[in-house]
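Below you'll find the structure, written out as C-alpha cells, and then a few comments.
Each reported figure results from applying straightforward, stated rules to the coordinates on display, with no laboratory input. Model, not experiment: these values are computed from the prediction. Every residue, glycine among them, receives a Cβ derived from its backbone with ideal geometry; neighbour counts consider all protein chains shown.
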Amino acid sequence: MLEKILLLLSLSLSVAEELCKPGVGEAYKVRFSIKTALGDQAYPWNKNEMFLFRAALAFAMRDFTNGEEFGVSDIHPCNETQRVSFWFVVTRPNTMDLVDKGTVEMAIKKSRNRINGAFLLTDKTLEFDGIYPTLAAPVSPDTPPWLIVFGVVMGAVSVGIIALLVYPLVQRKLKKNMDADDEDSDEETGVKTAENGANDGIYNSTFSDDERFTQM
C-alpha cells in the first residue's frame, strides 16, 4: 500500500514537472505576502499550507464547474520559492488534460474571497499574476440621483418664487418708511420757521424806552 502511495506521488510530481512550466501554456503564478499581511503573527509556509492551497483551488474549480469532481491531485504546483511564490496548472479529473486559463481565472474570481480567507490574506497579499481583483459592485444610494437633482431644482425654483413675492413688499415698506421720514422732516422745518418768526416779533422794551426819551 505504501509503495502505491509513493508511486502515485512520484507520478504526480513527474506530471507536474512536465505540465507545469513557468510562463508556458496554462500555468499561473501566485505570490503569498504572509509576513507583510500578518506581521508578527505570520505563520510559516510548509507542505500543509501548500495542501490547503491545492484544496482551495480544487474547491474553486468544483464550485465553478457545478460539481465536476476536481481534487487536490488535479492541482499541480511547480517552481516553488522560499519567498512563497510558485506556478501551478490545473488538470481535468482523472486525466492529464489541462484546464484552459480562462476557466481557471473565472473559478478563482468566483471564489476569491474564500481562497483569501483560508490564508487570512487579501487581494493585495495573495496575488495571482494576470488575474486582477474583481471590483466591488458600486453602492447604489437609497435615494435615486434623479430625485436628488429634482429636489435641488425645485428648491431653487421655490427660493426664486419666494424672492419675487417678498421683494415688492420689502420695496413698498422701504418706500413707506422713506415717505414718513420726509413728512417728519417737513414738520420739523415748519416748527423751526414758526419759532424763528415768533422770535422776530418779540417786543423789546429797552429800545422802546430809548425812542420815547429821544422824542422828549
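The label point for Ile148 and the one for Arg114, both projected 7 Å from the Cα toward the Cβ, are 3.6 nm apart. Projected label points at Thr65 and Val157, each 7 Å from Cα along the beta carbon direction, are separated by 6.1 nanometres. When the listed pairs Lys29/Lys124; Lys47/Lys109; Lys35/Lys124 are checked against a 19 Å cut-off, the alpha-carbon distance exceeds it for Lys47/Lys109.
In the stretch 14-128, a dipole from Cβ-located charges (positive for Lys and Arg, negative for Asp and Glu) runs towards its positive end, and of Ala27, Leu126, Pro77 it is Leu126 whose Cα lies farthest in that direction.
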